1. Looking at segment 135-156, which of its residues are surrounded by 10 or more Cβ atoms within 10 Å (Cβ to Cβ) and closer than 27 Å to residue 83 by Cα?
2. How do the strands (runs of 3 or more DSSP E) wholly within segment 87-199 filter down when requiring 1 or more residues that are within 19 Å of the chain's Cα centre (by Cα) and more than 22 Å from residue 214 (Cα to Cα): which remain?
3. Could you tell me whether any residue of segment 49-64 is touching a residue at least 60 places away in the same chain (Cβ under 8 Å), surrounded by 20 or more Cβ atoms within 10 Å (Cβ to Cβ), within 15 Å of the chain's Cα centre (by Cα) and not in a loop (DSSP other than H, G, I, E, B)?
């Protein structure tokens, strides 16, 4: 089994909108509906769990009513104080119907342009490993600054990669890696793969997708609108 965990509990404050970015309507469709459709329609995904606040459950249910032809939706999980605690809550719920040797695919609702090809590549690449993360090479020169004012060091950009979602993990080992960080250290985690790396798990990288960007700013939202408009 492969279960998709959609993270939709964020507030999206950086965008400056009245509602979280993943619920903004773009051409009569909420942003979250775009990635939801892709995940539901993929033959390799058997179940979908969503982390979301109760006030948005009805909006999300509308997405499933339209695209969930095979009844893959399994339920909602409670958002945590940070992204990683939300993942932990989702994993806890997924383990009620999935085996520890199964796969969880973690995706952000604010990354609407996930492709079927990327989903397939993640599901295939995780076989024989504990996890997989799509990455993009760093194009710009990267500097380190100790005080945020002066450059302290130049970092070798050939060794630096930007991580994307979806990340895929074997449920049991990844759940345990997160459980070991409870209750306080998990609140310090910034990226989904971080607990796996800290636990010494076998996590491999695959090539990411430039088009699979996360909507964070107003400029990102406009870029997404243009892409959808062009079809």
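1. Within segment 135-156, 135, 136, 137, 138, 142, 143, 145 qualify.
2. 103-108, 167-170
3. No, segment 49-64 has no match at all.
Per-residue answers, yes or no, for (1) assigned to a strand (DSSP E or B); (2) modelled with pLDDT of 95 or more; (3) on the phi > 0 side of the Ramachandran plot:
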site	(1), (2), (3)
10	no, no, no
18	no, no, no
33	no, yes, no
39	no, yes, no
45	no, yes, no
70	no, yes, no
75	yes, yes, yes
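The values are calculated or read from the model by the stated rules, or taken from the named source; none is laboratory data. Being a predicted model, the structure only gives us computed values, none of them experimental. When we count neighbours, we look across all protein chains shown, and the Cβ atoms used for this are built from the backbone with ideal geometry, even at glycine.
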